[in-house]
Amino acid sequence: MYTDLELFNPQLFEQENNRLDLFRNVLKNGHIVLEGRFQSSKNAINYVTQRAWFIDQILLQAWQQFCGDINSDTIALVAVGGYGRAELHPYSDIDLLILLAEPLEDTSKIEQLVMFLWDIRLDIGHSVRTLAECKQEATDDITITTNLIEARLLIGAEKLFKTMQTIITPLWPIKDFFAAKTEEQSRRHQKYDDTADNLEPNIKEGPGGLRDIQMIGWVAKRHFGATNLHDLVQHGFLTEKEYQILHEGQEFLWEIRCLLHLNSGRHEERLLFDFQRTLAEAYDYQDDESGLGVEKLMKRYYRTIKKMNTLNDMLLQLFQEAILYVNTPASVYKINKRFQIRNNFIEATHDKVFLNYPFALLEIFLLIQQNPQVKGIRATTIRLILHYNYLIDTVFRKDLCTRSLFIEIFRQPQGLTHALRRMNLYGVLPAYIPEFGKIAGQMQYDLFHIYTVDQHTLFVVRNLRRFFLADHKKEFPLCSKLSKNIPKPELLYLAGLFHDIAKGRGGDHARLGESDAINFCKLHDLSNTDARLVGWLTRNHLLMSTTVQRQDISDPDVVKTFAHQIEEPSHLDYLFLLTVGDIRATNSKLWTSWKESLLTDLYYKTHALLHQGQGYVLNKQLHIQDIQKEARILLNRLAYSKRINQLWDDLGDDYFLCSSPKDVAKETKAILTHADLDVPLVLERSATKGGTEFIMIYTQNKDHLFAETSYFLEQQNLTIIDAYIIPTQGKYTISGYTVVEENGKKLQSEERVTEILQGLEQALIRDNDTSFDPISRRMPRQKKHFSVPTQVTFTQDHINNHTIIELITTDRPGVLSRIAQVFVSCEVRIKRAKIATFGTKAEDIFFITDYENHVLYSPEQLACLSKELIASLDENISID
């Protein structure tokens, strides 16, 4: 019998001390001992087994104290769930079943026991059931069946316990049990987008996590009576090498879970940013030129999870064949001498196929695409693929047959996404493209990229593929339309595969990736034209998104410059599709209707410019004249009034570049009929694009108008995503603010809009000073781990007579009003603001002048701005 007197000394319970204090002190001491052992050894296996044994001893002592005189033939204390497996992490649930032969007339002793366990701060989950109740509950719920399958008798009636096991086991026939657990796993994986490569992965429930390993154990126990995972080697379901991979992966995940529990002080299964750096330090991962320590830890984690996911996939298929298809007549269809389809799963015709025909390591994925009835690869063949991956070397990559097969996979009309996922999961893709192998499991430690680089890349290709599918036509109407203009979709998919392939190497990843892409295309016998296009798309994959985020696309000169960079009209369609696919695969919150509208607007303007003769003229003055002409038509009889001409002359060119004819007509009429121009005119533009709200303000000149407006809007929990402030030729200013709710959604009700408009009008009427209390909203938990040092860059634009400030800082509630207050204190005006947020990084651009509406020439004024912005934005901020 195992004993550990340092951890638990039974002699302490022979003393007549205060029992409550005694148990609490023993628990506290045991926790200290276990933590100390773990911190010195990092041996999670010892920790979880020793803690289970320790809790056993505590419960046995408590049971003897409260229930020791109950007839031992009629009651039993049973550990279930993970505790039933004798595995307890620091804050794991301690699940107990108090099993009864018949209902007790007097349950007071059991109630006293449970209360006592809570009083000594033992976090238990418990149920009190008879055999009949166990049977009923297990019949109704597969989860309860699973818990009871893992039951372990602690003390009490052994015969009663064995009776329960005898009753429970056949309730779910093995086929039903396997089908239910497989469906349960599928639903669980879907909650995590079928990937474990999230920034804050759930190490227990996510794909490839501990629950998947437990899933293997449950099926093995139920079907084979296996007592541990190594039994699967004896049954021929695992090789010894595969078992070692599974065992080492589980041990690493156990270590991570122990560290998570101990550092969080709670039952925490998410590898949160709060703990990632601490855990990286525990493993002695250091920051250096090769990357951050935390990124190295997470790379190891993601690669471990990938191995677990692969083994889970292979074993479940083996189980499926042994359980579901064991008595099913085999339906075998031979494709060629290397492969055949057995019961809708493809398999190698013999175990030397890949050794004799290495190119078959790619051929199998092409055959799956060409045979849509294939549900997957048979587990025995998966094992062969994993074993023979070493054959994918330089000679393999240069072989004409393999090169042709790889490109043909990208040219297939169906199955590309699944093919690439399988190729990645089974190690074929990273072996064939070593550069892709380098980004496998590579995280980017920020809140902008929510997946590892390899998973993000595969999501991009998936998104691009969907643009060509009728099922997704309504989701992406313009993308679906443009896909019909793409003569060679495979070039777009290859650009998606290579666009981020050089991440983490240092330098400009887009240019490095361009070189990789071109070399790859030439190696695979694509024409120079096609290779250049894939390379061009890889180098410019950020061009369109940065243009709409950082520049004023209402300015025809901006569109001209962008169009010049596009080089050829055919490039525009390719680039638009790649841009949308990339943004949507980066972060689900990043794609908004506002961003969609900006990209669409830029696309159509550029398309018209590149296809001259279609009625679109990108001349600034002619464009303004067209806007005014259409607005006059809408104004009808007022169209040629002298007052309108005076107002429009006063408003200046910039206003018309930012407004549609309908907006101009509506706002012109509102200004001319406004009773008291000493009172600000605040209007909502109707039918705004992109799920946003646009607020127009016409008021007398105020040097701190932007500061007052941004402060009020941010106080209302609104986010400003675009703004312009245009001084007129007279004493007024017209400004516009594009806003959304804090969650990125459009303002949901007219009442909310009216409240904002009226409140803003009153705020601007008040004679405010230029100092404001800080916005009191706190930052979300995640953002506190990604502080961005403020960077300020100035560019003088003498042609447009303004100074451009590029500002990078930590995004937070109230950041824009902080910036605006600095502008006031340094005596500068804002003409335009472009607001962009990338996770926790705000990258904002402001077009500013001095109070005379000129470029900022004064070195003192520039120094003031830089110093004050850094001081204001880098000071301590409140965080949840």
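The values are calculated or read from the model by the stated rules, or taken from the named source; none is laboratory data. None of these values were measured; they are calculated from a predicted model. With ideal geometry, Cβ positions are generated from the backbone for all residues, glycine too; neighbour counts draw on all protein chains shown. Surface areas here come from the heavy atoms of the whole protein model, side chains and all, with no ligands, DNA or RNA. Shrake-Rupley method; radii C 1.70, N 1.55, O 1.52, S 1.80 Å.
For the stretch 33-42, check the following and say yes or no: at least one residue is in contact (Cβ under 8 Å) with a residue 12 or more places away in the chain, outside any helix (DSSP H, G or I) and within 42 Å of the chain's Cα centre (by Cα). Yes, the stretch 33-42 has at least one match. Remark: pairs (first residue in the stretch 834-859, within 19 Å of Ala723 (Cα to Cα); second residue small (Gly, Ala, Ser) and surrounded by 21 or more Cβ atoms within 10 Å (Cβ to Cβ); Cβ separation under 7 Å; 6+ apart in sequence or on different chains) = Asp844/Ala833; Phe846/Ala833. Take Leu494 and tell me if it is modelled with pLDDT of 95 or more, at negative phi, outside any loop (DSSP other than H, G, I, E, B) and in contact with a helix residue (DSSP H, G or I) (Cβ under 8 Å, 6 or more places away or on another chain). Answer is yes for this residue. Pairs only if they're at least six apart or on different chains, beta carbon under 9 angstrom, first in the stretch 740-755 and in contact (Cβ under 8 Å) with a residue 12 or more places away in the chain, second outside any loop (DSSP other than H, G, I, E, B) and open to solvent by 40 Å² or more (accessible area, probe 1.4 Å); list them, first residue then second. Going by the 9 Å Cβ cut-off, the qualifying pairs are Val740/Thr719; Glu741/Thr719; Glu741/Arg752; Glu742/Thr719; Gly744/Thr719; Lys746/Ser593; Val753/Glu684. In this structure, does Gln57 turn out to be in contact (Cβ under 8 Å) with a residue 12 or more places away in the chain, outside any loop (DSSP other than H, G, I, E, B), farther than 28 Å from Leu229 by Cβ and among the polar types (S, T, N, Q)? Answer is no for this residue. Is it the case, given these coordinates, that Leu97 is hydrophobic (A, V, I, L, M, F, W, C), within 20 Å of Arg152 (Cα to Cα) and open to solvent by less than 20 Å² (accessible area, probe 1.4 Å)? The answer is yes for Leu97. The selection criterion, being modelled with pLDDT of 90 or more, buried (at least 20 other Cβ atoms within 10 Å of the Cβ) and either farther than 17 Å from Gly81 by Cα or in contact with a helix residue (DSSP H, G or I) (Cβ under 9 Å, 6 or more places away or on another chain) (or both), holds for Leu210. Quick one: Ala330 ticks every box in (1) surrounded by fewer than 14 Cβ atoms within 10 Å (Cβ to Cβ); (2) modelled with pLDDT of 95 or more; (3) assigned to a loop (DSSP other than H, G, I, E, B) except a single one, so which number is it? All conditions pass for Ala330, except number (2).
Residue-by-condition table, conditions (1) hydrophobic (A, V, I, L, M, F, W, C); (2) open to solvent by less than 60 Å² (accessible area, probe 1.4 Å); (3) at pLDDT 95 or above:
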| residue | (1), (2), (3) |
| --- | --- |
| Phe359 | yes, yes, yes |
| Glu363 | no, yes, yes |
| Leu366 | yes, yes, yes |
| Pro372 | no, no, no |
| Leu384 | yes, yes, yes |
| Val395 | yes, no, yes |
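One residue stands out among those in the stretch 54-77 that are among the acidic types (Asp, Glu) and over 50 Å from the mean Cα position of the chain (by Cα): the one that is surrounded by the most Cβ atoms within 10 Å (Cβ to Cβ), which is Asp73. For Arg51, are the conditions met, namely being open to solvent by 20 Å² or more (accessible area, probe 1.4 Å), out of contact with any Phe, Trp or Tyr (no Cβ under 9 Å at 6 or more places or on another chain) and under 27 Å from Glu137 (Cα atoms)? It is false that Arg51 is open to solvent by 20 Å² or more (accessible area, probe 1.4 Å), out of contact with any Phe, Trp or Tyr (no Cβ under 9 Å at 6 or more places or on another chain) and under 27 Å from Glu137 (Cα atoms).
Report the residue count in the stretch 336-350 for those that are open to solvent by 50 Å² or more (accessible area, probe 1.4 Å) and at pLDDT 95 or above. Here the count works out to 2.
Scanning the stretch 354-375 for residues that are touching a residue at least 60 places away in the same chain (Cβ under 8 Å) and touching a Phe, Trp or Tyr at 6+ places or on another chain (Cβ under 7 Å) returns Leu361, Leu362.
Here Ser527 fulfils each of the conditions (1) modelled with pLDDT of 90 or more; (2) open to solvent by less than 10 Å² (accessible area, probe 1.4 Å) apart from (2).
Checking each residue in the stretch 239-282 for being surrounded by fewer than 16 Cβ atoms within 10 Å (Cβ to Cβ), over 30 Å from His387 (Cβ atoms) and not acidic (Asp, Glu) picks out Gly265, Arg266, His267, Thr278. Taken over the stretch 563-591, the residue count meeting the criterion of being open to solvent by less than 40 Å² (accessible area, probe 1.4 Å) and either in contact (Cβ under 8 Å) with a residue 60 or more places away in the chain or within 23 Å of the chain's Cα centre (by Cα) (or both) is 14. Of the helices (runs of 4 or more DSSP H) lying entirely inside the stretch 521-614, those carrying at least 1 residues that are among the small types (Gly, Ala, Ser) and under 30 Å from Arg397 (Cβ atoms) are 528-539, 569-586. Here His802 passes the criteria (1) in contact (Cβ under 8 Å) with a residue 60 or more places away in the chain; (2) of a type outside the set (Phe, Trp, Tyr); (3) closer than 26 Å to Asp653 by Cβ except the one numbered (1). Screening the candidates Asp471, Asp500, Asp516, Asp454 for the property of being of a type in the set (Asp, Glu), open to solvent by 40 Å² or more (accessible area, probe 1.4 Å) and over 23 Å from His564 (Cα atoms) yields one hit, Asp471. Being under 31 Å from the mean Cα position of the chain (by Cα) and closer than 20 Å to Gln551 by Cβ is a condition met by at least one residue of the stretch 819-833. Condition check for Gln646 on (1) at pLDDT below 80; (2) open to solvent by 80 Å² or more (accessible area, probe 1.4 Å); (3) out of contact with any helix residue (DSSP H, G or I) (no Cβ under 6 Å at 6 or more places or on another chain): one failure, at (1). If you go through the stretch 399-442 and pick out every residue that is more than 22 Å from Asn463 (Cβ to Cβ), at pLDDT below 95 and open to solvent by 30 Å² or more (accessible area, probe 1.4 Å), you end up with 1. For the stretch 283-315, residues that are in contact with a helix residue (DSSP H, G or I) (Cβ under 6 Å, 6 or more places away or on another chain) and either open to solvent by less than 20 Å² (accessible area, probe 1.4 Å) or under 20 Å from Ile382 (Cβ atoms) (or both) total 11.
Checked against the criterion of being open to solvent by 50 Å² or more (accessible area, probe 1.4 Å) and part of a loop (DSSP other than H, G, I, E, B), the stretch 78-92 has at least one qualifying residue. Number of residues in the stretch 230-259 that are assigned to a loop (DSSP other than H, G, I, E, B) and over 12 Å from Leu311 (Cα atoms): the value is 3.
Checking the structure you have, find out if any residue of the stretch 739-748 is assigned to a loop (DSSP other than H, G, I, E, B), at pLDDT below 90, among the basic types (Lys, Arg) and touching a Gly at 6+ places or on another chain (Cβ under 6 Å). Yes, that holds for at least one residue.
Going through (1) under 18 Å from Leu154 (Cα atoms); (2) touching a Lys or Arg at 6+ places or on another chain (Cβ under 7 Å) one by one, Asp69 falls short only on (2).
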